[in-house]
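Only one structure is covered here, and it is reproduced in the block below.
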Amino acid sequence: MFFYSTRDKNNHKSVSAAILQGLAEDGGLFVPEYFPQINIADLDSKLSYPEFAAKILADYFKGDQLESQLPDICRNAFNFPLPVRELNANTYIMELFQGPTLSFKDFGARFLAECMTRLSKERKTTIIVATSGDTGSAVAGAFYQKPNIEVVVMFPKGQISKRQEQQITCWGENILSVAVNGTFDDCQKIVKQAFSDEWFTSRAHLSSANSINIARLLPQLTYYAYTSWQFFLKHGEKAGYIIPTGNVGNSTAAFWAKAMGFPIREISLATNANRVISDYLDNGKFEPRKSIATIANAMDVGNPSNFERLSYLYNTPETFRANVKAFSVSDEEIREIITEVNQKFNYVVCPHTATGYFARKKLDDKPWIIAATADPCKFETIIEPIIGNILPVAPQLQTLLDKPVKLVETDADIRQVAAALANK
Ligand SMILES: *Cc1c(COP(=O)(O)O)cnc(C)c1O
């Protein structure tokens, strides 16, 4: 199996090469040359989640140096539960947030870390990542104490929640947490600069861990595949999925699972007030713009990086529209949904997941599974005033809150970040 750049079919790589590289040289994103077709009748219903994942990802790793290690990679990466809860007869919640840093990002970050560690045996790797929230903690947690890998996580100082900051800065050892006096865009700019910076590129193999990396996409399709299969076994019909969406990484994975033949009826996206996808569905024009700050901040994206993968799959506005629905949800509506779900079902959703429930209300009465992307206790400052109750702190978060903070502070200046790394 090869992976192609979305911009050039002749630019193909093995999965390992695509993982190490992240982005293709031509600026495109790697996509598989074809989608392996799975016949669910051939799957043994007793497979554990990691066994299932290794089985359905096997073709993507065929012929690659990681092929024989895929079962181990899956076993180590997916070591936490994946509950699907029934809200009512046609509405279900898939809790993707039971991993060590309490968001769905743990699936991708842990899988990427397992792959990268195996690919970094011979040479050292530096991973540099900018974060406005959940990616930073998932990547730091996943790579903590991995041999031969150091990680630089940059976040805009004072612009993320206290609990998010603690989850990024509690690691130490091979994780350098940098509070940058600047914005998220400044952090992202330093990441880009690093890839053409002599000091960074000569020090070690440089890589990034954001959601353009194919090793974050592939593990994400496994939970859509697994839960759609289980749902079909139990109910004898296909479920639809509703996915809170920002950079379109999580949702692209769902479309890939559907393309492999898993019993997924249809897929709907829910976004916050950043409406670039809804507007594309309305007028056929993809118009990136500056992001708007909302209370579902992990979805504050004005130029979704994985859109290029989704529009590669559905490559005209007509086929895109025939396959993709999208709903844009305001902060006011998010607040109302958090209240409504709590009152109706005695269940608390995070602000991102709330956009999914909003979409559910607009859709038909067929069965829908909403992807719950983060644990509400990460967003207590938003949710507690809305529901008028204190949220219990998940044990994983409590463990991280109890650890001492280790961070350096820099200006938005790549030389200061380099100095911090050199002095670590
Ligand atoms: C990252 C994130 C999203 C958006 O996912 P994309 O793959 O960027 O579309 C939604 N909710 C939460 C909690 C997130 O951390």
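Brief remarks on what is shown
- Scanning region 315-331 for residues that are closer than 19 Å to Pro244 by Cβ and assigned to a loop (DSSP other than H, G, I, E, B), we see that the one that is least open to solvent (accessible area, probe 1.4 Å) is Val329.
- If you go through region 12-23 and pick out every residue that is modelled with pLDDT under 90 and in contact with a strand residue (DSSP E or B) (Cβ under 6 Å, 6 or more places away or on another chain), you end up with 1.
- The C-beta contact set for region 249-269 (first residue aromatic (Phe, Trp, Tyr) and more than 10 Å from the ligand (Cβ to nearest atom), second residue open to solvent by 10 Å² or more (accessible area, probe 1.4 Å) and part of a helix (DSSP H, G or I), distance under 9 angstrom, 6+ apart or interchain) comprises Phe255/Leu313; Phe255/Asn323; Trp256/Leu313; Phe262/Ile40; Phe262/Tyr226; Phe262/Phe232.
- Candidates Thr91, Thr131: the one that is open to solvent by less than 50 Å² (accessible area, probe 1.4 Å) and either free of Cβ contacts under 8 Å to residues at least 24 places away in the same chain or within 16 Å of the ligand (Cβ to nearest atom) (or both) is Thr131.
- In region 232-248, of all residues being hydrophobic (A, V, I, L, M, F, W, C) and open to solvent by 10 Å² or more (accessible area, probe 1.4 Å), the one that is farthest from the ligand (Cβ to nearest atom) corresponds to Leu233.
- Verdict on Lys403 being touching a Cys at 6+ places or on another chain (Cβ under 9 Å) and open to solvent by 50 Å² or more (accessible area, probe 1.4 Å): yes
- Residue within region 334-354 that is outside any loop (DSSP other than H, G, I, E, B), under 15 Å from Gln164 (Cβ atoms), of a type in the set (D, E, K, R) and out of contact with any Cys (no Cβ under 6 Å at 6 or more places or on another chain) present: no
- Selected residue (only one of Ser202, Ser228, Ser196 is surrounded by 21 or more Cβ atoms within 10 Å (Cβ to Cβ) and either without any contact (Cβ under 8 Å) to a residue 40 or more places away in the chain or more than 13 Å from the ligand (Cβ to nearest atom) (or both)): Ser228
- Residues that are among the polar types (S, T, N, Q) and in a helix (DSSP H, G or I), drawn from region 144-184: Gln164, Gln166, Gln167, Thr169
The values are calculated or read from the model by the stated rules, or taken from the named source; none is laboratory data. Not measured: the values here are computed from a predicted model. As a convention, Cβ positions derive from the backbone with ideal geometry for all residues, glycine included, and neighbour counts pool all protein chains shown. Areas reflect the complete protein model, heavy atoms only, side chains present, ligands, DNA and RNA absent. Shrake-Rupley method; radii C 1.70, N 1.55, O 1.52, S 1.80 Å.
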